[in-house]
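The values are calculated or read from the model by the stated rules, or taken from the named source; none is laboratory data. Because the structure is predicted, anything quoted here is derived from the model rather than measured. Positions of Cβ are generated from backbone atoms using ideal geometry, with glycine treated the same way; all protein chains shown enter the neighbour counts.
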Amino acid sequence: MSKLRRDANLRYRFEGEQKPRGRPRLYAGKVDLSVPSSMTYVENVQPNVALYMAIVWPLSLKSWIRLAYLHDTRQLHHPKFVVLFSSDIEQCPKQIVRLYHLSFQIEFLFRDSKQFTGLEDCQSRTAKKLDFHFNSSLSALNLAKLQAWQNRDPNQSFTFSMASSKRRALNDFLLDIFISKLALSPDVIKSHPNYEALRAYGVIAT
C-alpha cells in the first residue's frame, strides 16, 4: 500500500464481453488521473472531497492494484487529487485511505526508536538477540507514550514528544540526586510550587 505519482501510467481492466476467438482483451484504455469520470464513486470523505475506486494495471508494478482516488474540488478553479493504492484488489478503498494516514504514525514510531531508544544500536548478528533488542526498543517507546497519555491534561489535546519524555526523566533523575546529595527533605522539595517547573525544564511538549 502506497501513493502513486500524479503522472502514473495506468490501464483500466477490461470487464466487457470477450471475443470468442483470439487473445483475451486485458485493458480498457489508459487512466486519465485528472478526470475520475471512469472510476467508481464511493463516498464523500469530507465536503467537496470525493473518494473513487478502480482496479488498474500500472506498467511500473506489473500487477493489478486497487486504486483509492481522492478528488478535492474545494477550489473549483484548481481541483486537486491524490492517488493511493493497495496490492490487494479486494481491499476496501476507505480502508486504504485510513491505513495510509496511519502509516505516518508508524514512521514516527521508528524515527523516535532510532533517535531515543537505541533501535539501531544492537551489534549482535543473532536473529533471536536482534528480535529481543527490537522489541525492547519499541516497547520502551510505547511505555513512554502510555505514561504520557496517563499523565495528560484531559482538557487539552494530547501531544507526545519522546524528546520531552526523555528530558523529563533526566530532570527527575537529576533532582533526586540533588535532594540526596544535599540531604534535603524530598517531601518539602517535591511539594514546592516550582518543583513541576523544574521537572519540565527544557521540555518541548507538555
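Filtering region 173-195 to residues that are surrounded by 11 or more Cβ atoms within 10 Å (Cβ to Cβ) and either touching a Leu at 6+ places or on another chain (Cβ under 7 Å) or assigned to a helix (DSSP H, G or I) (or both) leaves LEU174, LEU175, ASP176, PHE178, ILE179, PRO186, ILE189, LYS190, TYR195. When restricted to residues that are exposed (fewer than 10 other Cβ atoms within 10 Å of the Cβ) and in contact with a Cys (Cβ under 9 Å, 6 or more places away or on another chain), region 100-134 contains 0. Of the strands (runs of 3 or more DSSP E) that lie entirely inside region 35-105, those containing 1 or more residues that are under 19 Å from GLU15 (Cβ atoms), modelled with pLDDT of 85 or more and more than 22 Å from the chain's Cα centre (by Cα) span 40-46, 49-58.
Checked against (1) at pLDDT below 90; (2) out of contact with any strand residue (DSSP E or B) (no Cβ under 7 Å at 6 or more places or on another chain); (3) in the same structural domain as GLN46 (by TED's automatic domain parsing), SER157 passes all but condition (3). Remark: pairs (first residue in region 156-172, in a helix (DSSP H, G or I); second residue aromatic (Phe, Trp, Tyr); Cβ separation under 6 Å; 6+ apart in sequence or on different chains) = MET162/PHE116; LYS166/PHE116; ASN171/TYR201.
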